[in-house]
Amino acid sequence: MAIKKLGNNKWELDYRPNGLKGQRIRKVLDNVTEAEAREIEMTIRLKPHKPKPVVCTISEALPGYLQWLKLHRAKRTYGDVSLSLKILIPHFGRFQPARITAEMILEFQEARKHVPRSCNKELNYLKGIVRHMKSSLVSYDPLPYRSPLPDIPHPLDIKKFIDEIKNIDKKAIVLLMYKCGLRSKEARLLKWKSVNLRSRKVIIQAKGNKERICYLTKELLGIIKSIRREGEYVFPNPKTGNPYLSLKTLFRNASERAGIKRIYPHLLRHAFATYSLEAGADLRELQTTLGHEDITTTQIYTHITGKRIKELTERTENYVSTMDGTSTR
């Protein structure tokens with residue numbers, strides 16, 4: 001920075017606020033004494049400069065990003081990102097975000113096209129790293145992916161499965177998923193203040209801090225009345241007093257004891273939706289019951305029902321052809 005006298009009480013400041021390679025600025029000061037000009041110069045000198053943006057590669061940014069991720073995200077998310085990095089880093093690790101081109105994204109998608117869902121998730125994690133670096137990733141189209149339709153078990157198999165659950169609290173949680181269409185977390189975290197035993201109405205704390213209503217079946221009402229106890233939660237873990245964190249082990253063991261294909265928690269919600277449509281419910285009713293924000297989410301169950309109708313038609317055709325002697329088998 002320099003100060004130069006241009007005339008009587010007229011001075012010129014010549015400086016570069018962002019360093020030698022930054023923009024050069026010349027500022028003329030009128031009607032000031034030399035002492036005042038020097039004071040203005042000192043004020044500018046002491047003013048903090050705009051920091052230069054940190055330019056580093058994806059690999060160089062990872063330690064800080066992973067530390068942030070561990071503090072601010074769930075343990076499961078941290079583990080999932082860490083696994084995805086084993087795929088991402090060989091492709092993108094040595095590049096700065098601005099150096100990652102659309103062609104590089106396409107090459108990565110081509111290499112991972114056999115697992116489109118995983119590929120889309122991995123690229124989303126890459127975008128998260130780049131955002132953390134205060135940068136942006138070139139735009140791209142995700143690989144097309146359609147979730148496979150769930151294979152809904154027969155009601156008799158579900159009954160066998162539920163009969164193998166001896167713990168009354170856990171059986172009630174499972175029945176809430178199957179008979180009322182609740183998500184596992186919604187059932188496990190149910191509170192007494194949300195249950196009206198007289199009207200059988202239950203207020204569900206759903207996704208996005210939204211509420212919806214369901215009604216207990218007579219079987220569920222009897223079970224919940226029988227376990228009425230003090231405390232906040234309807235189904236506390238007796239070891240901790242808090243809700244159960246997971247029922248995966250219960251589902252696996254009960255499925256094995258029942259001798260059926262493994263049932264997982266969300267499959268019971270799928271079963272509720274499918275059987276509701278087959279029993280005559282319309283899509284809008286089902287959308288409200290399940291708490292879907294978008295009806296297109298509910299429409300998946302029309303495909304499941306259609307698949308079951310096709311299977312029923314084929315079984316009926318085989319039965320009739322066997323009876324009337326037209327079977328080709």
Among the candidates Leu149, Leu182, which residue alone is of a type in the set (A, V, I, L, M, F, W, C), in contact (Cβ under 8 Å) with a residue 60 or more places away in the chain, surrounded by fewer than 20 Cβ atoms within 10 Å (Cβ to Cβ) and over 30 Å from Ile100 (Cβ atoms)?
Leu149
Could you grab me the full set of residues in the range 124-144 that are in contact with a helix residue (DSSP H, G or I) (Cβ under 8 Å, 6 or more places away or on another chain) and exposed (fewer than 13 other Cβ atoms within 10 Å of the Cβ)?
Ser136, Ser139, Pro144
Give just the number: which of (1) surrounded by 11 or more Cβ atoms within 10 Å (Cβ to Cβ); (2) over 24 Å from Asp157 (Cα atoms) does Lys248 not satisfy?
(2)
Residue check: is Val202 surrounded by 15 or more Cβ atoms within 10 Å (Cβ to Cβ), closer than 13 Å to Ala172 by Cβ and out of contact with any Ser or Thr (no Cβ under 9 Å at 6 or more places or on another chain)?
no
For the range 219-232, does any single residue satisfy the condition of being of a type in the set (A, V, I, L, M), more than 24 Å from Thr298 (Cβ to Cβ) and without any contact (Cβ under 8 Å) to a residue 40 or more places away in the chain?
yes
Counting only helices (runs of 4 or more DSSP H) wholly inside the range 119-214, the ones holding at least 3 residues that are assigned by TED's automatic domain parsing to the domain that holds Thr288 and in contact with a Leu (Cβ under 6 Å, 6 or more places away or on another chain) are 168-180
For the range 118-134, give me each residue that is of a type outside the set (D, E, K, R) and closer than 11 Å to Val81 by Cα.
Leu123, Asn124, Tyr125, Leu126, Gly128, Ile129
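Residues checked against (1) modelled with pLDDT of 95 or more; (2) on the phi > 0 side of the Ramachandran plot; (3) in a helix (DSSP H, G or I):
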residue	(1), (2), (3)
Arg76	no, no, yes
Gly79	no, no, yes
Ile89	yes, no, yes
Ala98	no, no, yes
Phe108	yes, no, yes
His114	no, no, no
Arg117	no, no, yes
Considering only the range 85-102, how many residues are farther than 17 Å from Arg131 by Cα and surrounded by 15 or more Cβ atoms within 10 Å (Cβ to Cβ)?
2
Of the residues that make up the range 83-92, is at least one free of Cβ contacts under 8 Å to residues at least 12 places away in the same chain and either over 22 Å from Ser139 (Cα atoms) or touching a strand residue (DSSP E or B) at 6+ places or on another chain (Cβ under 7 Å) (or both)?
yes
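The values are calculated or read from the model by the stated rules, or taken from the named source; none is laboratory data. Because the structure is predicted, anything quoted here is derived from the model rather than measured. All Cβ positions, glycine included, derive from the backbone under ideal geometry; neighbour counts span all protein chains shown.
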